[in-house]
Structure formats: structure tokens, C-alpha cells
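Here the structure is laid out as C-alpha cells; the discussion comes afterwards.
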Amino acid sequence: MRANIFIYLHILFLLGIYSCKVTEKQAIVTEVNDVVAEPADSTVVEDKNLVEVKLYKSEQTRHFRLIHTKLEVSFDWEKQYMHGIATLILEPFFYAQSNLVLNAKGFDIHNVSIIKGENHEHLNFKYDGKRINIDLGKEYERGQKINILVNYTAKPDEGEYGDNFNNDQKGLYFINPHGDESDKPQQIWTHGETSSNSRWFPTIDAPNQKSTQEMYITVNEKYNTLSNGILVYSQSNSDNTRTDYWKMDKPHAPYLFMMAVGEFSIVEDKWEGITVDYYVEPEYEAYAKNIFGNTPEMIGYFSELLNYPFPWIKYNQVVVRDFVSGAMENTTASVFMEDLNVDNRALIDYNWDDIIAHELFHQWFGDLVTCESWANLPLNESFATYAEFLWKNHKYGVDEGAYQLYEELQSYLEEAESKKEDLIRYYYDEEEDMFDSHSYAKGGLILHMLRNYLGDEAFFKSLEYYLKSHEFGKAEVHDLRLAFERISGEDLNWFFNQWFLAAGHPKLRVEESYDQANGKYIVKVWQEQDIEKYPVFKLPLNLDVWENGNKTGYTIEIDKTYQEFEFGDVENPDLILIDSDFTLVGEIEHNKKPEQFQYQFDHYGNNVRARIDALEYFLDAPINPISRIVLIDALQDSFWILREKALQVFEVDSSDLFSAAESKIKIMATNDPNSLVKARALGVLAEKEKSQYIDIFEASLYDSSYSVSGMALYAYLQSGVDDTDSVLVNFRNETNFNITSSVADYYIQQQDHGQYIWFAEKLQQYNGGDLWYFIKLFGMYLVAAPDDQIAEGVKALEKIAKNHYQFYNRLSAYQSIELLSDNPGVPEMLEGIRENESDPRLRDYFK
């Protein structure tokens, strides 16, 4: 699953609410899981203010083996119910069993029976709203299969799982069920990770179970359906409904079961005879192959890289509304958020290959081989995150791949400022705590570091062995280690212990000096992480020494808190660069001189990470003759990211630096091959005397890129031209956020009180990060609006603040209402919002 955390993480950190909890003096006991209470080890942490008891999160004990699941379902859109008949085939795992416990959350259970031949025998059961405890009537031995039928109604919007906080745990979602939202299609979709599929069918909802599957989905004739496996047949019924029969004949985990219902256009594609179809809203049918069209090539690339052909019978991808995550890797059928509803103009600025590659790689790592417990989630998510790098490096070049790793490192280090956890965590509080930048970003970086250490051949042969040894089964972290050890012949406990089974990361301080008495150049390295909490790491690293224009590479090993490395043939190096291939998951403080950073920038034309590292220094340094040269040179770098980063300085520069680069920036604003760089260059010009560049802004208004067009529109509207009204007519009805935000900003600055309806309508069009930002714009508009608009506007914001399924958008609405707290009734409204909120992150924020 590619979580929204990576899309909006910066928002949460800015708000200061990411993963924060209020701690009081109390004993905290965390349940093992939601199935059956198992004996567990515990750890007790004591200090003056807190006595915390955390239970060891073990793999769930398998009393039964789930073999096959057949579901027959239909829907009541009015009540948002699903009527289901589930038939489960199971057998005792090892010991004889006379009771069966199934997860089934928030159901009406109509009857439970055991099927014996043609007969159904009623079984006694107890149901507590979360689990069905079934008395089997006799003891069954290992190897004896039982066939259990449960007739039930799922009610996902009722009970404890129907409120805001648990929205991502409802399992089954009715979108616009009554059809009263004109701009939103009616859909049904499911989301099971981690244990939410038991909100819509009874099962043993644990990742260490694997089951084949059949799905009979009855819907109105107008809807398409999608599920795991292949569509065997569709049968029309007499009541204007249709039953689609989907069959999955290879076993996979219950959390990966899925279905989607809606009026989708199905765009067909293939990979070596395997169906690769894209399910999108009809409006986006023409763009589906441009959005998803690299999928067949990805399948081929990953199959070859792993020496393991795509393991499933088909692969479909569907885009749905109001999805509770970024995407979800259901076996053979991945679900994506509506942000992928884009046209060709949007794809100029940004493609979605990273998230598409992420979910696809899960078909091997997560679906074919599944983590045995959520403590081992990195076995799923670290690999899927690493796949984003693999694909970019393969398809778009080494610079794009290297920058992907750079972004992942920044994501992890930002999170590490507030928490540092073991990568494999057996003492987490909630399963959802595992879905963070440790499991994703840090884990992917660790895999890259391991690959760099072992070499490509050993790394990928180890992955092939791991997959083939555990295919259609489960694994834990030691299974991965043993696979690498079997292939490489090396004991890798040292690597796995410090990176997978311990918290933190190395913080290196580097100093260098020439020992004239002994004629040696010395590089001194300290490990300065808190060694009472975190390991002293063993770090094989590459080190480059540049002298007289020549580079010599060395391999060093850091394994102590302080070490010195001597170089007898070096006297006055131009540059020492430690971790020269930038594989270290950590921080390095090396106080090099500006001349050395300039040398690094100039001499690593084939190493974009080295150039970014040097440029970052000059972005933060005072403007001086050396920084002037580097910053202006960076405007012509071969990689677009460095050009875009360098432009940031010129936006705020108050020296004569801009004058020296003005001609280059004007050319970039009109001709740079990358649309995001063009937009940034236009943004630089927009911060200067706008009237000088009106011709450039006007020429870019109708650029094919939304980013360029949006920035040009912003600059043009602010430049004092007299045709703003006629220009706005051409843009105010656009839906792309780059355009809308520029129009909104102009209306706000002009205090145009006639635009309330426009703002209110736009407020209904957005979701996710775009909605978060537009809520802020709406609040700013209301600050200077007439009283009647304020009264109506705060009601619209109150609805979002109380009911929106994304917690950060509820918060955004609350904060915008706060801007209007001097108005009558608003303080009481804010109090009502605070009382209504159940998400502990927001409740803590309100406190």
C-alpha cells in the first residue's frame, strides 16, 4: 500500500500533529490483535511519569488453515448494507479443534451451519460484534476439512467503525450511495489492510493465512465489477441485476481480497497474453493508457529482474473516489486514489509511475510472499518502495533513480526527528503505526545499501531464492536474511541486527588534516548517535580522494565510535568525499570549505547526489563569489532538479545575483525542457518587477503544462494589466488546481466579494492535498467577505470539519474557521467541532 503519508507528510509535520500522543501517568496495555487473545511476552518501561506495558506482537497462532473462501454478495445502497453468504473451507492446522473463531465486525449474523454433503447442519455460536465463536459440535483432526456457511449482513457505516477516526477501517465503502452528489459517481469499493476485510466477510483476518477465492457479485446492470482473479461469467437476472462470478485459484491473504463496483470504462491492455486492464471513469478513458500504459513494460522488467515471471493470472488497476489511502495492492487488482484521474496536460508535469510500480511490485513482495505479521511489514513495504527507485533508474535514467533515493532519505530523516523505531517492530501500539517512513523509505534505502554491499548478482539471486522458497506463503525477516546468506555465503546477522532489528541511524562527524611529521593525510570519523539507545554501526563505505584533478577510490570500514584513516600518498587533496556513492542511511557532518563544495559540484557530473549535496550547501550559504558561480552554473545543469533547486535562491535574492542570471532565467521561463523548471522560473520573474515580463507571462498563459499555465496566470493577473476580466473568463472554470489556486489568489487579493459561489463550488470539487490547500484559500476569502457570506461559508467549513473522511482536511477546515472566530456563533461552532472529533491526533491538537 502506498500510503498518503508520502503525499502529505509535510502537511502533518507543519501542523505538528504527526504521530503525537498525550502521555499521562497510567499503565498502558496494548492488545496483541483482534482475533484471539494469545499468550505474549511483554516489556515494561518505567520512568517518573509513565509506566508502560507493551505486549509482544507475535505472529497469530494458526489453529486452523483457511483453504478456500466463497462469497455471494448483493447490496442495499439506501441503507449501505451488504447481504452476504460466506462459505469457508478450513482444516485444523495441527492440533485437533472443536471450536472455530472467525473475525466478523459489525454484522448481523443470521445463521451459521456446517455443510456435510447435501445437508446443512445448524451450529451454535456466540457473537460479540467482532468475532463469531462457533461450536463445531465435535473435535476435528488435522487433515479433516470442514465447510462452514455464514449468512450475514454487513453494516460498515454503523457501530464503532462508522465514525471519522475509523473511516480507514470500515472495509466496505459506499460512495455517493444515494446519488445526491452530482459531481461524484456512485461506487462501492473495499479496503482490507490491515484487518478491515472482516468488516464485509467473515474470515480469519490475519496475514499468515492464505486462501483461494470465489466471488459472486450481484449488482444493477449498469455497473461493472472487479475482483481478484478472472471474470468467469456474467449472468443477467430477471430484476435488472447481473451476477458476476470471479475466481481466484491461487491462494492469497484475506486482507488482499477486494471488489469494486461502478460505472467504469475498461481500457484493455496485455503483457505476454496476460490481461492488464485499466478501470477508470468514462471521462478519463482517453487518458488511461497514458496514465497506466507503462504497466506491461514494468511487469516485464520486474519479472526479468527477479527471474520470477509475474505470478498471477491477470493484473487490473482501478481508480476510485474517496479512497482512504494512496493505493492498495490487492492481488491481481490494485486500487488507486482519485488523484490518478488526470488528463494529458497534467501528465506533462508529473506521471504516476512511482505509485504504479510500488503496487505492482507488491504482487511479488506482499501478495506472493506475505509478511507473517504486521511487525514484519517492511518485508512488504520496503520492497515496494525500493521498486519505485528500480523503475525510475531503469526507465528514466540514473539521475532520476538517484533523486528518488534522495527523497526517500529526506522523508525518513524528517520522521526520525520525532521518532526512531526498529524497522521490524514487535512492540508497536497499533498496527497502523507500522505504516510510516521507517517501513517504507528507510526500509527501501536499507535494501539499496545491502545491494551495494553484496553486488547486483548476489542481491537479485537472493531475492529470487526468497520468492521461490516462500511463494504463496508467508515470511519473517529472518527468512529474508537466510536467503541472502544462502546465496552470498556470508553471515549477515551484523547487517540485519543493526538495520532491521534496531532503531536509529549513524550520525558521522568527519574531520581531515595533514600529519606533516609522519607525511600522512588523516581522515577522522566519529559516530555521534546516542550509543546508549542506538547501535555503534558497522559501515563499509566508499571514500573518494581528489588531488591534482585525479580521483582515487578507497573502501573503508567504520565500526567504532572514533577511527582514523591514514593516506600516505596524499598531501593536499582538493576534496575528500566520504560515502561517495551516497548509500548510507544516516547523516554526515563534514565541514568542508566552500572551495571544496565547488570542486565537488564541478567534478561529479556523473553523480547527481554529489551535485545535490554541494548545491544544498550553497542554497543555505551567504552569497559570495564562489556561491554566485555555482548557483548560476546550476541553472544549466543537465538534471532538471538542480536547475529547479537553484532557482529557489533567485526568488528571494535581494543582491545583484539575479541581475547576473536574469537572461538565463528568462530563457528558462520560456524554453526549459522541463515544465516544472519553467514554472519555477516564471515564479522567480513573478517576484520581481512584474511589468518587465508581461510578454513572457502572456506567452505562457496557454502552455500545455498546467504548472506553467498556472504560474503564468498568477504572475499575469498580478502584473497590473487591464484585461484581467477577459483572461479570467478563460480560466475560472478550469478544474486543475494549479489554475484554480491562481484564480482564487487573485480574487482574494482583490477582495472581490462577488465570487462566493465560485469558491463554494470549487470547494466541492477537490479532495486530498488540493482540498487541504483550497480550504485555506476559502478561509482567506471569507476573512474580508460580507457577513452573509461568512455565515454561509463557515457552515460549509463546519460540514467538512465534522464529516470529511480525511482527518487533515477536517483540521484544515477547523483552522480556517478559527480565522473567523470574531464572528457571532463561531466560538460555539469550534467547540462543537472539538467535541465531535474522535481522532486522537486532532483531539491532542485541540488540547
Computed over the stretch 157-246, Kirkwood Rh from alpha-carbon pairs, angstrom:
15.1 Å
Counting sequence-distant residues (5 or more places) and residues on other chains, those with an amide H built under 5 Å from that of Leu575 are Trp546
If only Cα atoms are counted, what is the Rg of the stretch 496-574, and what is its Dmax, in Å?
14.7, 44
Over 13 Å apart: what share of the alpha carbon pairs of the stretch 729-795 falls there, rounded to a whole percent?
59 percent
Rounded to 5, the percent of DSSP beta bridges in the chain classed as antiparallel
80 percent
If unit charges are put on Cβ atoms (+1 for Lys and Arg, -1 for Asp and Glu) and the dipole of the chain is taken about its Cα centre, the option from Asn197, Asn341, Leu842 lying farthest towards the positive end turns out to be Asn197
Extend 7 Å from the Cα of Val232 along its Cα-to-C-beta direction; within the stretch 312-338, residues with backbone N under 20 Å of that point are 312-316, 331-333
Could you give the nm distance between label points at Glu616 and Asp515, where each point is 7 Å from its Cα heading toward the beta carbon?
3.2 nm
In Å², and per residue, what accessible area does the stretch 162-235 have when probed at 1.4 Å with the other protein chains present?
29 Å²
Check: C-alpha center the stretch 416-444 vs C-alpha center the stretch 472-509, spacing in Å is 16 Å
What whole-number distance in Å separates the alpha-carbon centres of the stretch 755-784 and the stretch 285-354?
30 Å
Taking only protein heavy atoms and a 1.4 Å probe, what accessible area per residue, in Å², does the stretch 786-847 have with all protein chains in place?
48 Å²
So if I take the alpha carbon set of the stretch 781-842, get Rg, then get Rh from the Kirkwood formula, what is the Rg over Rh ratio?
0.96
Pull up the DSSP beta bridges for the stretch 219-374 and report the antiparallel fraction as a percent, rounded to 5.
70 percent
Length gained, Asn344-Asn733, 0.36 nm per residue minus C-alpha separation, equals 138.2 nm
Whole-percent carbon and sulfur share, accessible surface of the stretch 714-811, 1.4 Å:
45 percent
When the Cα centres of the stretch 568-622 and the stretch 704-753 are compared, how far apart do they sit, in Å?
42 Å
Which length gain, in nm to one decimal place, applies between Lys795 and Ile313 when the Cα-Cα distance is subtracted from 0.36 nm times their residue separation?
168.5 nm
Specify which residue in the list Ala681, Gly397, Asn380 is farthest towards the positive end of the charge dipole of the chain, using unit charges on the beta carbon of Lys, Arg (+1) and Asp, Glu (-1), about the Cα centre.
Asn380
Largest to smallest principal axis extent of the C-alpha atoms in the stretch 333-472, angstrom:
45, 37, 31
At 1.4 Å probe size, with the rest of the protein present, what percent of the exposed accessible area of the stretch 188-317 is carbon and sulfur atoms?
44 percent
Be a star and scan the stretch 463-491 for residues whose amide nitrogen sits under 18 Å from the point 7 Å along the Cα-to-Cβ vector of Ser58.
475-478
Starting from the eigenvalues of the Cα gyration tensor, five times each then square-rooted, give me the equivalent ellipsoid semi-axes of the stretch 720-831, largest first, whole Å.
25, 17, 10
For the pair Glu221 and Asn393, the simple spin-label estimate (label points 7 Å beyond Cα toward Cβ) gives in nm 5.4 nm
Taking only the alpha-carbon atoms of the stretch 536-575, what semi-axes of the equivalent ellipsoid follow from 5 times the gyration tensor eigenvalues under a square root, in whole Å, largest first?
23, 11, 7
In whole Hz, the Karplus estimates of ³J(HN,Hα) for the stretch 105-112 (6.51, -1.76, 1.60; θ = phi - 60°; x where Gly or Pro) are 9, x, 9, 9, 8, 8, 6, 10
How big is the chain along each principal axis, measuring the range of its Cα positions in Å and listing the largest first?
89, 74, 63
Once all Cα-Cα distances of the stretch 445-497 are split into 10 Å bins that start at 0, what whole-number percent is in each one?
25, 60, 15
Stretchable slack from Lys664 to Val652, in nm (0.36 nm times residue separation minus alpha-carbon distance):
2.6 nm
Helical mean residue ellipticity (222 nm; -39500 (n - 2.57) per DSSP H run of 4+; nearest 500) of the chain:
-11500 deg cm²/dmol
Using r as the Cβ-Cβ distance of Asp128 and Asn548, and R0 as 51 Å, what FRET efficiency do you calculate, to the nearest 0.05?
0.10
Using a 1.4 Å probe, how large is the accessible area of Asp108, given in Å² and rounded to the nearest 10?
60 Å²
Ratio of the Cα radius of gyration of the stretch 89-222 to 2.2 N^0.38 Å, where N counts its residues
1.21
Suppose every Lys and Arg Cβ carries +1 and every Asp and Glu Cβ carries -1, with no other charges. What dipole size does the chain come out with about its Cα centre, to the nearest 20 debye?
1720 debye
Percent of Cα-Cα pairs per 5 Å bin, from 0 to the last occupied bin, for the stretch 584-684, please list those.
2, 13, 26, 22, 20, 10, 4, 2
Between Asp559 and Asp787, what is the label-to-label distance in nm when each label sits 7 Å out along the Cα-to-Cβ direction?
7.8 nm
With the cut-off at 18 Å, report for the stretch 433-560 the share of all Cα pairs above it, as a whole percent.
65 percent
Two-site FRET efficiency, Ser704 against Glu268, from Cβ-Cβ distance with R₀ of 25 Å, rounded to 0.05:
0.35
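The values are calculated or read from the model by the stated rules, or taken from the named source; none is laboratory data. For clarity, every value in this text was computed on a predicted model and none was experimentally measured. Cβ: placed from backbone, ideal geometry, glycine included. Neighbour counts: every protein chain shown. Only protein heavy atoms, including side chains, enter the accessible area calculation; ligands, DNA and RNA are left aside. Shrake-Rupley method; radii C 1.70, N 1.55, O 1.52, S 1.80 Å.
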